[in-house]
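What follows is a short report on a single structure.
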Amino acid sequence: MAGDGEGAAAFAAAKAEWLGGSGGLPLLRWWRASGGGELLRGWDAVRAGAVAPALAAVSGACLAMSAMLLAEAVFMAAASLVRRRPERRYSAGPLGAQDGEDEERGLLGYPMVLVQIPMYNEREVYKLSIGAACGLSWPSDRVIVQVLDDSTDPTIKDLVELECINWAKKGKNVKYEVRNNREGYKAGALKEGMLHAYVQQCDFLAVFDADFQPEPDFLMRTIPYLARNPQIALVQARWEFVNPNECLMTRIQKMTLDYHFKVEQEAGSSTFAFFGFNGTAGVWRISAIKEAGGWDDRTTVEDMDLAVRAGLKGWKFVYVGDVKVKSELPSNLKAYRRQQHRWTCGAANLFRKMGAEILLTKEVSLWWKLYLLYSFFLVRKVVAHVLPFVLYCVVIPFSVLIPEIKIPAWGVVYIPTAITILYAVRNPSSIHFIPFWILFENVMSFHRTKATFIGLLELGSVNEWVVTEKLGSVSNTKPVPQILERPRCRFWDRWTVSELLFAVFLFVCATYNLVYGSDFYFIYIYLQAITFIIVGTGFCGTSNS
């Protein structure tokens, strides 16, 4: 401890010498001599009486949330590491007419499956998704591919319809369905798609977004869980990405989503047989969808909404991480921002709408309700988004201006390091990207925090829905390019003013800490400020196609 004090004193002395004496910068000395001292004394009084107590309260709340987040990360890591493989928990033998058990249970070989592909102006990817769905290894007379086209571009609608006609000529049962409006967006399209008469003959429903390309054996590896286990409502597969190395931003997204699937989904499936449906690459029991009330467009996370309602009815979910479905990561920063706003805001809004219903339901156990309210919603959908921004981008930078606030080392260093390690061990091939991941995720937490409060308070853009831009198939063998990508557009068209203003605030705090502080926070704060500038000026991700 004595060594730490001597080091801090030596650091302060070195700075004073570098700045030309203990009086501080010449400009500040002049300002004090010309009357600024009165303002400083006034600021000291306000700071001690109001600002410091408020910041101390926020700091205490952040430390409590940090402990919550660490406990949740440890729980999920342990649950995912000791996971019970789904084929050991449930019967998942292959189906076939030769199986006497199938005949006895009335399955008669392969059940009827409906494959839904919702799309909206998907010129770049419509062939990939329709072709992959029509290439599934399942008897042609036992599967219906339903293309739900909400496109507003007549040319794209004609192309999608022609593609469906071509596959129908090859013997595939493809239905091309359109609506007169986009009411309810994706949820509305899925809901209306279920109303067609031919759907009544189907037992199970597979959903794929327009950029998802399932392998031919997808149904062979997922349907048996549903067919042989009547208590299961949903089988979720893992996402695999065709363009993780397109730029640094897609690499960071892959790290985040890999953790989500390897840890969060795996832990939920293994412990409570519940997790949030990812909206695609999953297979549902149609009777479970009907019992839960069907698709609902009241939020922008219709997939999570349906999963929660089905879970409250007692249905179980299974995550099968060995089954992977190819998809595309958004490489354009604006598209990624909009996607994150929709996901974050929708989850928070669903928490607002269903919190009381979850608490009052009598069809599930108390532990299941506590898991859903505390772990699934409060910690992962609120705390995990708000904490990184409030603590690392607001409280810590502000604390260098408020000497009365001392944040303990365990809250600033030990807990963040522990959480980062838990992330890193599940992404060993990407461990060298961890510093970039931390800085970028903190910037994105700025947008996620806004989206969280928009959802919780149900403000203006709560139901904003913008389809994520897709660019088509990209080789995942492409080497990682330079860190900063220069978009092909005018500089002022890619600015984000809020991020640039926040970068100015961080630079002020870092500089103050460098000049007057006795710690080394300025190193992190400068790096975070630079990241805000990079993202705020649009030098992140790739340009539009």
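The values are calculated or read from the model by the stated rules, or taken from the named source; none is laboratory data. The model shown is predicted, which means the values in this text are computed figures rather than measured ones. Cβ: placed from backbone, ideal geometry, glycine included. Neighbour counts: every protein chain shown. For the accessible areas, the whole protein counts, side chains as well, though only heavy atoms, and no ligand, DNA or RNA atoms are used. Shrake-Rupley method; radii C 1.70, N 1.55, O 1.52, S 1.80 Å.
One table, with the values for the structure above:
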{"quantity": "Fraction of accessible area attributable to carbon and sulfur, the stretch 278-332 (%, probe 1.4 Å)", "calculated": "40 percent"}
{"quantity": "Correct choice for Cα extents along the principal axes in Å that was computed from the model, options [x] 91, 53, 41; [y] 73, 54, 45; [z] 67, 53, 52", "calculated": "[x]"}
{"quantity": "Accessible area of Cys202 in the full protein assembly, 1.4 Å probe (Å², nearest 10)", "calculated": "10 Å²"}
{"quantity": "Solvent-accessible area per residue for the stretch 398-457 (1.4 angstrom probe, square angstrom)", "calculated": "45 Å²"}
{"quantity": "Whole-number accessible area per residue in Å² for the stretch 146-287, which is evaluated in the context of all protein chains at 1.4 Å", "calculated": "34 Å²"}
{"quantity": "Within-14-Å neighbourhood charge of Asp297 [Cβ basis; K, R +1; D, E -1]", "calculated": "0"}
{"quantity": "Computed FRET value (nearest 0.05) for Arg182 with Val497, which takes r as the C-beta separation and R₀ as 35 Å", "calculated": "0.70"}
{"quantity": "Nearest-0.05 FRET efficiency for Arg84 and His196, computed from C-beta distance (R0 35 Å)", "calculated": "0.35"}
{"quantity": "Linear extension gain, Lys290 paired with Leu370, 0.36 nm per residue minus alpha-carbon span", "calculated": "26.3 nm"}
{"quantity": "For peptides 408-414, 338-344, sequence by mean Cβ density within 10 Å, most packed first", "calculated": "338-344, 408-414"}
{"quantity": "For the stretch 390-469: rounded, prolate or oblate by the Cα gyration tensor [a/c cutoff 1.5]", "calculated": "oblate"}
{"quantity": "Per-residue HN-Hα couplings for the stretch 272-283 [Karplus 6.51, -1.76, 1.60; θ = phi - 60°; Hz; x = Gly/Pro]", "calculated": "10, 6, 9, 7, x, 4, 7, x, 7, 6, x, 10"}
{"quantity": "Protein accessible area in the stretch 160-266, 1.4 Å probe - carbon and sulfur %", "calculated": "48 percent"}
{"quantity": "Note, ³J(HN,Hα) from phi for the stretch 305-321, Karplus 6.51, -1.76, 1.60, rounded to Hz, x at Gly and Pro", "calculated": "4, 4, 4, 5, 5, 5, x, 5, 8, x, 6, 10, 10, 10, 9, 10, x"}
{"quantity": "DSSP bridge orientation in the chain - percent antiparallel, rounded to nearest 5", "calculated": "25 percent"}
{"quantity": "Length-normalised contact order of the stretch 167-268 in % [C-alpha pairs under 8 Å, at least 6 apart]", "calculated": "10 percent"}
{"quantity": "Tilt relative to the chain, helix 218-228 - C-alpha long axis, 0 to 90 degrees, to 10", "calculated": "80 degrees"}
{"quantity": "Exposure ranking of Thr417, Thr537 by accessible area [1.4 Å probe, largest first]", "calculated": "Thr417, Thr537"}
{"quantity": "Rounded, prolate or oblate (a/c below 1.5 giving rounded, otherwise prolate when a/b exceeds b/c) for the stretch 130-286 by Cα gyration tensor", "calculated": "oblate"}
{"quantity": "Sequence-separation-based contact order of the chain, relative, with Cα cut under 8 Å and 6+ spacing, percent", "calculated": "18 percent"}
{"quantity": "In Å², nearest 10: area of Leu148 left accessible to a 1.4 Å probe", "calculated": "10 Å²"}
{"quantity": "Surface share of carbon and sulfur [accessible, 1.4 angstrom probe, percent] for the stretch 347-434", "calculated": "71 percent"}
{"quantity": "Under 13 Å, Cβ to Cβ, from Val51 - net charge with Lys/Arg +1 and Asp/Glu -1", "calculated": "-1"}
{"quantity": "Estimated 222 nm signal from helices in the chain, with DSSP H stretches of n ≥ 4 weighted -39500 (n - 2.57), rounded to 500", "calculated": "-15000 deg cm²/dmol"}
{"quantity": "Vicinal HN-Hα couplings computed from phi for the stretch 76-88 (Karplus, 6.51 cos²θ - 1.76 cosθ + 1.60; Hz; Gly/Pro x)", "calculated": "5, 4, 5, 5, 6, 6, 9, 4, 9, 4, x, 6, 8"}
{"quantity": "Radius 14 Å from Cβ of Ala78, net charge of other residues (Lys, Arg +1; Asp, Glu -1)", "calculated": "+1"}
{"quantity": "Placed amide H near Cys540: partners under 5 Å, 5+ positions off or other chain", "calculated": "Glu485"}
{"quantity": "Amide H contacts of Phe241 (H built 1.01 Å from N, under 5 Å, at least 5 apart or other chain)", "calculated": "Ser327"}
